[in-house]
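The values are calculated or read from the model by the stated rules, or taken from the named source; none is laboratory data. Because the structure is a prediction, the values reported are computed rather than measured. Every residue, glycine among them, receives a Cβ derived from its backbone with ideal geometry; neighbour counts consider all protein chains shown.
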Amino acid sequence: MLPSVPAVTLNLLGTPSLVVGGRVRLLERKAAGVLAYVCLEGQVTRERVAGLLWPSVPNHSARNNLRQVLWRLRSYGDLVVGEPLLALAAHVHADVTASLLAASALPASGPAGLGEPDLEQPGWEGELLAGKDFSDCPAFEEWLLAERERFRALRRDALWQRCRADQAAGDLGGALRRAARLLELDPLSEPAYRLIMTLHVGRGDRAAALEAFYACRETLRRELGVSPTPETLALADGIRSASGVDTPGLPTAPTWQPPLVGREAEWTRLNAALDAGQNVIVSGPPGVGKTRLLREVLRARGPVLCLASRPNDEAVPYLALGRLARQLLKAYEDAKVLGLASTPEPLEDWVRVGAAHLLPDLWSEEPGTEPLRSPAAQRRFLEAVTRLVTSLLPLALATQAGSGFGGPGSLMFDDDQWMDEASWEAWMFVFSQPEWRSLGVQVGMTFRQGELPFARLKTVARLVEGRAALTIELQPLREAGVQALTSAFLERQEPGPVAASLVGALWRHTGGNPLFVLETLRSLIDVGRLPGHGEELRALPVPPQLEPLLYRRLEGVPASALRLARVAAVAGSEFDAELAAYVMDLHPLDLVQPWAELEAAQIMSGSRFAHDLIAQAALRSVPLPVRALLHARIAAHLQSRTDTHPKRAAPEHLALHWEAAGQPNSAAPHWVKAGWVALSRGAWSDAAWDFRRAVIAGDSARESVLEAQYGLGMALRGQDPAQAEQAFQAVLLSTPGIRRQVETHAALAELYRLCGRLEDALTQIVRATELARGHLTEPEQADLCRAQFAIHLRAGQYAAAEKTILTAQALAPWRAEITNEHALLLWMAGRFSEAAQLYERFQVPATRGGQPPVPAWYAGNLGWTYWALGRLAEAEAVLALPFNSPASPFDLGVRQVHQATVSISQGRYRKALAELDAAEPSLRAYPPHLLDLQHRRGLLALYAGRYEEAAALLSQAVSTAQHVGDPVRLSLALSGLTSTYAFLKRRAEAEQWSGHVRALAVHVQVPLTQVAANHALALVASLGGEDVQAAALADAAVRQSRTSQMSELLARSLLLRARFGNGVDARADLLEAAGLAEEAGILDVHYQAARALSAADPAWRTPATRLYRQLFSLAPPDFLGAVEPPLTA
């Protein structure tokens, strides 16, 4: 049998020491550092420890120093074991380990009945490696400072929780002692001072409470030069104004929290699901304890951020999402004040621009946020929201009380049946993203059974089926649970056993619903009769009649508190102290007493009701006429809040208050505003609903109704064109003012354009333009010209389109989007040089200042134009410029595809592949840009002679293009695929696809696509032995490329034509192609021309060999195996 090893105690909190055989041995600095790091980090390599503690010496010397320290420690036994990983020996007991275990097992980490650790150990007070200076070891010092802060936070959390536990148990003396220790840890903590003040009042010592306040005020003045917060001042004022020792509103007994009983099985199932990485969802009827159970389970595992939805939230798109975004931003600002934020600015500009749809104050610079009109714009908005959440949520969780438990924490959605649909869909997107999954944050949700929308129920069912979530339908308590809850409640009144007959009767009458049980018990206490036999309970209300119990409870508080509760119930989610003071015509400090009484009676918690059933009871206790007057006062106050007010009300909520006040005309403008907000966020159905409410609520003679009709048409334009047209016509029939007429005619024009009714569209836009003269500003008239331009362009009326867009440019010469539209027209006409000049002229004044910054897409479009002209070096330079405005990953991805296009033309295939790989993660969710990726990869494979690979890639591109519906992109993909099959000599497939190319070329009269189509058709004709036709098509490609000054396509067309020409003509084409390729840097064309010329002229063999080697050097290994080598003698 092996001899037992004597235990060794390692003390790291305070002065580091070892206790061996009852004797204390102080540790020298480096030995203490080694033991502390190995103890707290677990298994670590010798190299890591040596590098941290001996950073300024060579590695071998550092390892030798570590070896000597470990040798000296061996005189106390084998304290550190393991090779090559070091670890603390099993017989070494460290004080820090005991402290961490104690912290992880704090009370409130489980249901009632779980054990509580003793945190009153002496070592708990010391600082980690106290008195040891490691400034000569910067990396170790940084680690040590972080660990010291972690232990301080653990100590604070432990003391706070023990204070609360003592307070709940009625041990106010013990709570005071621990609160004093809290103040020693942080002498500037106002929450600790407020706790001490409240505890003194609870003990009846009002003088001591005020002395604590005076000490707080003096400390803050002396140390920080500030006064206490309004919350502390209000508490002190309430103490001063109270008469006698017992202070109403500051209860002598702490607020009682019912224990969590009878939920052991659910607790186990939820924790098992969370351990398995599943989301957890708890449903059930009101009052059954869904929120309490889930919150306690999640809190036991780490910090929790709770997002609670409220009645009427479902009417406001993205309200819940915006509410959480504000919470996260506030947490970041608080952390920054406390010095806990690791980065000065965690959100990139593109995230701020995108998230400004939720929080407009996030981005106030130009350009502002554009409405979310397209699926692509909505996705970019959701990507910005995802980045905001994933960047800020970890910090928000880390700064939550109780964050010392460890783990990344949890996000809890409470009462999800009231969450708006847009926020729900946004969360489904966020949760699907890799950025979210990498956080490891767990998600919990509660909802009322039978009230969750059907679509969400289906989503939940899919999550459960895929084992991504666990759902628990929470059942009422069993009789044993009711007995435990009843015993805990009555223990506060009269300790002693509870009659079994009372428990049985309560269980039968309440159905085991915890809230009903507690309210029934409160009612019995209030009426002064607590029977011991079940028969006497038959007269009590049964669960469906719970409201009488809640009414009685409300009537038990003083009149001022009842008035406050009723105002809170009518105000709903907008309730706060400022609103209450206005509606009740009180000074804010006059609210302290009634508010405290409501909290003491557990009717309210902060600015919310303790349970929504209590809120419903309070609301129904207000007679309808009085309720209408309160709604009117609430609406009037909320309406007076400016857009910069931190608690401005959502327009939907304002409208609902005015409607409840019986003033629908006052509601209509707010419904209109709500509609425009919803429209800007891409919530078309919500917008249409809001505008319809405005039409119904408003007076038909009022401007708000005309605006609502107009807005309804805009909301329905993409969903129901007939209804949209009807709404616009209704506006015109109401004889509106000139501006409204112009807007409506223009909106009708756009509607008709989208529906293909181009003549009707032109009639409407001409009418709008005529009315606008002399009444609208020049920028507004420019927008009308842009609308007319789009109609002409759709009709193929290019001359008229150019005339119109030139007028728009003259009216608003600084508008980038107008310049871009003109350049697009020139681009489609093959006038690339003019398009480039247009971009260049615009870029100069825009970069000098005084104008809005050049948008993110500008350099990409100019670079693309340079590429079309074959000016590859200029294209590369423009595309390498930094963005002048906030650029998202999407913007970067689009830019990288442009860069890859240039790299492919230059023959820099390795660089092109890297650029396409970098772009793909940001663009794969955007079909038009995914198509660009597929096409460029296919084009690259085609140029490299990897024809099978090119065929697969370009087949994908054609399929995507057919889905996207962009004829230019489709034409390029079809031409590439047809050319590939021709090179593979698969004649049947080549001829099949050439038919599609030929048919599309009739409709798409864009020079770039025509040249690509002629290349493909020439190759197919040659494959069929029709060399004359092939030569004619190649000749057409040369002429078109030359006319449009497309140097690269001209060089490739010349190379193609040389295949079908006679010796002299072919040589001329090859020489011109070689010259163009050399000038533009088109390496593959230059090589192919040089190789072809070397067949008749040996002087070209050397250049061909050099170009061949250069081409290979710029490609990945073995990528160009199919490229024919240079000719030899």
Output the residue which, of all residues in the stretch 365-383 that are within 17 Å of Gly322 (Cβ to Cβ) and either in contact with a strand residue (DSSP E or B) (Cβ under 6 Å, 6 or more places away or on another chain) or polar (S, T, N, Q) (or both), is modelled with the highest pLDDT.
-> Gln378
Evaluation of Ala761 against (1) out of contact with any Cys (no Cβ under 9 Å at 6 or more places or on another chain); (2) crowded, with 19+ Cβ neighbours inside 10 Å (one fails), failing number = (1)
How many residues are under 26 Å from the mean Cα position of the chain (by Cα), within 12 Å of Asp414 (Cβ to Cβ) and buried (at least 24 other Cβ atoms within 10 Å of the Cβ) if we restrict to the stretch 283-301?
-> 2
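Restricting attention to the stretch 595-635, and to residues there that are of a type in the set (Gly, Ala, Ser) and under 18 Å from Gly287 (Cα atoms), which single residue is surrounded by the fewest Cβ atoms within 10 Å (Cβ to Cβ)?
Selected residue: Ser605.
Would you confirm whether any residue within the stretch 483-498 is outside any helix (DSSP H, G or I), modelled with pLDDT of 85 or more and farther than 23 Å from Leu382 by Cβ? Spell out how you get there, then give the answer.
Start the filter on the stretch 483-498 by keeping residues that are outside any helix (DSSP H, G or I), which leaves 492-498.
Retained after the next criterion (residues that are modelled with pLDDT of 85 or more): none.
Taking every residue of the stretch 483-498 in turn, none turns out to be outside any helix (DSSP H, G or I), modelled with pLDDT of 85 or more and farther than 23 Å from Leu382 by Cβ.
Residue by residue through the stretch 11-25, note down the ones that are free of Cβ contacts under 8 Å to residues at least 40 places away in the same chain and more than 12 Å from Ala130 (Cα to Cα).
Our first condition is that a residue be free of Cβ contacts under 8 Å to residues at least 40 places away in the same chain; within the stretch 11-25, this holds for 17, 19, 21-24.
Within the stretch 11-25, Val19, Gly21, Gly22, Arg23, Val24 qualify.
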Can you tell me how many residues in the stretch 538-552 are modelled with pLDDT of 75 or more and surrounded by 20 or more Cβ atoms within 10 Å (Cβ to Cβ)?
-> 1
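Quick check, is Arg150 within 25 Å of Ala577 (Cβ to Cβ) and among the charged types (D, E, K, R)?
Numbers: within 25 Å of Ala577 (Cβ to Cβ): no; among the charged types (D, E, K, R): yes.
No; evaluated as a whole, the condition is false for this residue.
Being within 29 Å of Arg194 (Cα to Cα), modelled with pLDDT of 80 or more and in a loop (DSSP other than H, G, I, E, B) is the requirement here; does Pro228 meet it?
Numbers: within 29 Å of Arg194 (Cα to Cα): yes; modelled with pLDDT of 80 or more: no; in a loop (DSSP other than H, G, I, E, B): yes.
So Pro228 does not fit the description; no.
Any residue that is buried (at least 17 other Cβ atoms within 10 Å of the Cβ) and among the small types (Gly, Ala, Ser) - is there at least one of those in the stretch 220-235?
Filtering the stretch 220-235 down to residues buried (at least 17 other Cβ atoms within 10 Å of the Cβ) leaves 220, 228, 232, 234-235.
If we keep only those that are among the small types (Gly, Ala, Ser) too, we end up with 234.
Looking for residues that are buried (at least 17 other Cβ atoms within 10 Å of the Cβ) and among the small types (Gly, Ala, Ser), one finds at least one in the stretch 220-235, hence yes.
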How many of the residues in the stretch 187-212 are farther than 25 Å from Glu223 by Cα and surrounded by fewer than 22 Cβ atoms within 10 Å (Cβ to Cβ)?
-> 5
Checked Cys216, Cys163 against criteria (under 23 Å from Gly302 (Cβ atoms), in contact with a helix residue (DSSP H, G or I) (Cβ under 6 Å, 6 or more places away or on another chain) and at pLDDT 80 or above); the one match is Cys163
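Would you mention how many residues in the stretch 656-673 are in contact with a helix residue (DSSP H, G or I) (Cβ under 6 Å, 6 or more places away or on another chain) and more than 19 Å from Val731 (Cβ to Cβ)?
So in the stretch 656-673, the residues in contact with a helix residue (DSSP H, G or I) (Cβ under 6 Å, 6 or more places away or on another chain) come out as 657-662, 664, 666-673.
Narrowing further to those that are more than 19 Å from Val731 (Cβ to Cβ): 657-662, 664, 666-667, 670.
Qualifying residue count for the region: 10.
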Out of Ser975, Ser922, Ser959, Ser955, which single residue is buried (at least 24 other Cβ atoms within 10 Å of the Cβ) and without any contact (Cβ under 8 Å) to a residue 60 or more places away in the chain?
-> Ser975
Expected single match for under 30 Å from Arg155 (Cα atoms), touching a Gly at 6+ places or on another chain (Cβ under 6 Å) and in contact (Cβ under 8 Å) with a residue 40 or more places away in the chain among Leu53, Leu88 is Leu53
Only residues that are free of Cβ contacts under 8 Å to residues at least 40 places away in the same chain and aromatic (Phe, Trp, Tyr): list them for the stretch 439-461, please.
-> Phe454
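Answer yes or no as to whether Leu564 is closer than 18 Å to Pro230 by Cβ and either in a helix (DSSP H, G or I) or out of contact with any Lys or Arg (no Cβ under 8 Å at 6 or more places or on another chain) (or both). Working first, answer last.
On the way: closer than 18 Å to Pro230 by Cβ: yes; either in a helix (DSSP H, G or I) or out of contact with any Lys or Arg (no Cβ under 8 Å at 6 or more places or on another chain) (or both): yes.
Answer is yes for this residue.
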First in the stretch 154-183 and closer than 17 Å to Gly204 by Cβ, second anywhere and acidic (Asp, Glu), Cβ under 9 Å, 6 or more apart = Leu172/Asp166; Gly173/Asp166; Gly174/Asp166; Ala175/Asp166; Leu176/Asp166
Could you please give the count of residues in the stretch 820-862 that are at pLDDT 80 or above and under 31 Å from the mean Cα position of the chain (by Cα)?
-> 3
Selection over the stretch 797-837 where residues are touching a residue at least 60 places away in the same chain (Cβ under 8 Å), of a type outside the set (D, E, K, R) and not in a helix (DSSP H, G or I) yields a count of 2
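In the stretch 521-537, is there at least one residue being at pLDDT 80 or above, within 49 Å of the chain's Cα centre (by Cα) and not in a loop (DSSP other than H, G, I, E, B)?
yes
Here is a yes/no grid of residues against (1) out of contact with any helix residue (DSSP H, G or I) (no Cβ under 6 Å at 6 or more places or on another chain); (2) in a helix (DSSP H, G or I); (3) not charged (D, E, K, R):
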| position | (1), (2), (3) |
| --- | --- |
| Ala1068 | yes, yes, yes |
| Glu1072 | no, yes, no |
| Gly1075 | yes, yes, yes |
| Asp1084 | no, yes, no |
| Ala1092 | no, yes, yes |
| Phe1112 | yes, yes, yes |
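If a residue must be under 19 Å from Asn861 (Cβ atoms) and either more than 40 Å from the chain's Cα centre (by Cα) or at pLDDT 95 or above (or both), how many such residues does the stretch 799-819 contain? Spell out the reasoning first.
Filtering the stretch 799-819 down to residues under 19 Å from Asn861 (Cβ atoms) leaves 801-802, 805-806, 808-809, 812-819.
Right, trim to either more than 40 Å from the chain's Cα centre (by Cα) or at pLDDT 95 or above (or both) and you get 801-802, 806.
Residues that pass the stated criteria total 3.
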Looking only at the stretch 902-914, which residues are within 24 Å of Met1046 (Cα to Cα) and without any contact (Cβ under 8 Å) to a residue 40 or more places away in the chain?
-> Val902, Ser903, Ile904, Ala912
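If you go through the stretch 1073-1120 one residue at a time, how many are farther than 28 Å from Ala1037 by Cβ and either free of Cβ contacts under 8 Å to residues at least 12 places away in the same chain or hydrophobic (A, V, I, L, M, F, W, C) (or both)? I'd like the intermediate steps shown before the answer.
Taking the stretch 1073-1120 and keeping what is farther than 28 Å from Ala1037 by Cβ, we get 1098-1099, 1101-1102, 1105-1106, 1109, 1112-1113, 1116-1118.
Add one more test, that the residue is either free of Cβ contacts under 8 Å to residues at least 12 places away in the same chain or hydrophobic (A, V, I, L, M, F, W, C) (or both), and what stays is 1099, 1102, 1106, 1109, 1112-1113, 1117-1118.
Adding up the residues that qualify gives 8.
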Filtering the stretch 462-480 down to residues that are in contact (Cβ under 8 Å) with a residue 12 or more places away in the chain and charged (D, E, K, R), which residue is farthest from Gly262 (Cα to Cα)?
-> Arg467
For residues that are loosely packed, with under 15 Cβ neighbours inside 10 Å and over 25 Å from Val1004 (Cβ atoms), scanning just the stretch 767-798, find the one that is modelled with the lowest pLDDT.
-> Gly774
Only unsatisfied item for Pro1126, checking (1) touching a helix residue (DSSP H, G or I) at 6+ places or on another chain (Cβ under 9 Å); (2) part of a helix (DSSP H, G or I), is (2)
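Going residue by residue through the stretch 987-999, is there one that turns out to be crowded, with 20+ Cβ neighbours inside 10 Å, under 17 Å from Ser971 (Cα atoms) and touching a Phe, Trp or Tyr at 6+ places or on another chain (Cβ under 7 Å)?
Taking the stretch 987-999 as the starting set, the residues that turn out to be crowded, with 20+ Cβ neighbours inside 10 Å are 990, 993-994, 997.
From what is left, the residues that are under 17 Å from Ser971 (Cα atoms) are 990, 993-994, 997.
Subset that is touching a Phe, Trp or Tyr at 6+ places or on another chain (Cβ under 7 Å): 990, 993.
The answer is yes, given that some residue of the stretch 987-999 is crowded, with 20+ Cβ neighbours inside 10 Å, under 17 Å from Ser971 (Cα atoms) and touching a Phe, Trp or Tyr at 6+ places or on another chain (Cβ under 7 Å).
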